[in-house]
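As structure tokens, the structure follows; a few thoughts come after it.
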Amino acid sequence: MKASGEPGQGGECVVRVRVFARLRDILGTDALDVSAPCVSPGKTTVGLLRQAIGAVAPELGSLNGALLFAVGTEYADDTTVVASDDDVACFPPVSGG
Amino acid sequence: MKASGEPGQGGECVVRVRVFARLRDILGTDALDVSAPCVSPGKTTVGLLRQAIGAVAPELGSLNGALLFAVGTEYADDTTVVASDDDVACFPPVSGG
Amino acid sequence: MTEGTPRTLPEPLLHVSLTEQPIDYTALTERVRSHRAGAVVTFLGTVREFTAGRRTLALDYEAYEPMARAELQRILAEATEQWPLVAAVVEHRLGRLELGEISVAVAVAAPHRRDAFQAAQYVMDQTKRRVPIWKRENWADGGTEWVHPPEGMPQRPGDAAE
Amino acid sequence: MTEGTPRTLPEPLLHVSLTEQPIDYTALTERVRSHRAGAVVTFLGTVREFTAGRRTLALDYEAYEPMARAELQRILAEATEQWPLVAAVVEHRLGRLELGEISVAVAVAAPHRRDAFQAAQYVMDQTKRRVPIWKRENWADGGTEWVHPPEGMPQRPGDAAE
């Protein structure tokens, strides 16, 4: 496996990403298929997904850098490796309570 | 008026003191008339009352120094001047809650 | 105090009670709830079975009532000076309490949670430190015993700030 | 942690819930009460009418539910590692909330009050910081607006400890 965050294998991975709150309103959908460069067969990273979302939705502006990601039910950071079939979620800073 | 804590006028003041909790159990009463030297006509101090209580109830031992006094519904210290008709209370450290 | 909260709140609702009846903490909590409050903290002191490994059967609480009420009022007033509160109430039970029963309840409402937590803690700390109420243990292994703070604790109200 | 409390308590009772129904905080508080606890702290977050001078009509809460439940469970587990607790429960309301309604309730029971206060504050602080729930303001002067922490606040869970 190559270092995460660096595209490899020449291919693209497609990951289904659930989105919430203001992000869902901006994108007009509660889930989208994000295509990002693979770092190994069938795998990409959170950082690459973030870049890909920013590229397809430039209207996010500075919100893109503040978006949080989760893989399964745990927070992930930009270096986290994601498989195409992982449960991935992406959302703005939380405001419960 | 002479300095408080120093007996004066040659007389004795009698003050009714309500007592609570362990102090009441030790003394076997919920109020006692304490006779203490006057610092001015009809007035004594909390410190003189404490000494007088210690003298009539030597079984209090070290509890005597820990006893708290109130005049009316406020805490008083040894220098507080007390009139014979004040509402005076005396009790061990509190343990509510 | 939380920044950004103006001190222009209306006079806070305060309430003090000593009672021989079981404390209804839901009624007490409802009393402080308000559209002006985003945070409500309710504290209950309850009769614990074990203290330092020794088993309690029941507690008897006694108060110097007029002074206890006055002191509780002063404590609530001090809390409202230190934190922006919407309401603060305290009730203390007197008489015989069985295991698990509520001896004291405090409810505080404030626009922001940090103020509500701090004020509720202040009211409880000061209540235990200053209010002329005493409890007597009824031990499972026999005997009764008045509880007074151990040597070395601040014994005179105001001697030590927490 | 309060000194003198042995860490030999039985496994604490923990409970997490997300609900579209009004939160019954009395039932929640009764759930944590115990003969082993001398202190119960209940926190309620309620819908406040004014935020920075602007009037709210209602709030809509939305969650990423499976993760929100998992995160709340982790927060309770962390609290039980840091303080000796008898029980800790948290419920969060979802959907439309009117003024004064309860959005979140936390109840913690511990042998001693300082632990109960600190643990309840920890659960609330972490819930607001980490749990994937969002609220949308419905303003009296028109319009709706998702609430997200202002710039400069820690945005990534774990970035800053309180």
Per-copy distances of the C:LEU13 label point, shortest first, in nm (7 angstrom along Cα→Cβ): 3.0
Pseudo-label separations to other copies for B:GLY54 - Cα-to-Cβ vector, 7 Å, nm: 7.7
Where rotation carries A onto B, the chain A residue whose Cβ is nearest that axis, in whole Å: A:GLY97, 15
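May I ask you to order C:66-79, B:51-64 by the average number of other C-beta atoms within 10 Å around their residues, highest value first? Write down the numbers at each step before the final one.
On the way: C:66-79: 20.4, B:51-64: 14.3.
My ranking of the peptides, most packed first, is C:66-79, B:51-64.
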Relative contact order of the stretch C:13-147, defined on C-alpha pairs under 8 angstrom at six or more residues apart (%): 37 percent
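Just counting partner chain Cβ atoms within 10 Å, what average do the residues of peptide C:59-68 show around their Cβ? Before the final figure, lay out the partial values.
Details: counts 1, 1, 4, 6, 4, 10, 1, 5, 11, 3.
Taking all residues of C:59-68 together, the mean is 5.
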Rounded Å value of the spacing that divides the Cα centres of the stretch C:37-65 and the stretch C:70-136: 12 Å
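Let me confirm one metric for peptide D:30-42, namely the mean number of other chain beta-carbon atoms within 10 Å of its residues' beta-carbons. All intermediate terms of the calculation are to be shown ahead of the outcome.
Working: counts 2, 0, 1, 5, 5, 10, 6, 7, 10, 8, 8, 9, 8.
Neighbouring Cβ atoms belonging to other protein chains average 6 per residue here.
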Folded to 0 to 90 degrees: helix C:65-82 orientation relative to chain C principal axis, Cα: 40 degrees
Paired Rg and Dmax values of chain D, which use every Cα atom, in angstrom: 16.6, 55
7 Å along Cα→Cβ, label-point gaps from B:THR29 to other copies, nm, shortest first: 9.0
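Take every residue in peptide B:17-29, count the Cβ atoms of other chains within 10 Å of its Cβ, and give the average of those counts.
Mean partner-chain Cβ count within 10 Å for B:17-29: 3.
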Nearest 10 degrees, 0 to 90: helix A:46-56 Cα axis against chain A principal axis: 70 degrees
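Any chance you could list the semi-axes, whole Å, largest first, of the equivalent ellipsoid that the Cα gyration tensor gives for the protein assembly as shown, using √(5λ)? Don't skip to the end; give the middle numbers.
On the way: eigenvalues 682, 110, 70 Å².
They are 58, 23, 19 Å, listed largest first.
Return the calculated 222 nm mean residue ellipticity for chain D, to the nearest 500 deg cm²/dmol, obtained by summing -39500 (n - 2.57) across DSSP H runs with n ≥ 4 and dividing by the residue count. The partial results should precede the final answer.
On the way: 3 runs with 44 residues, N = 162.
Estimated from H runs of four or more residues: -9000 deg cm²/dmol.
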Centroid-to-centroid separation of the stretch B:31-46 and the stretch A:60-92 [C-alpha atoms, Å]: 78 Å
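Only the coordinates and a few stated rules stand behind these numbers; no lab work does. Quick caveat, the model's predicted, so the values are computed rather than measured. A quick note on method: Cβ atoms are made from the backbone with ideal geometry, for glycine too, and the neighbour counts reach across all protein chains shown.
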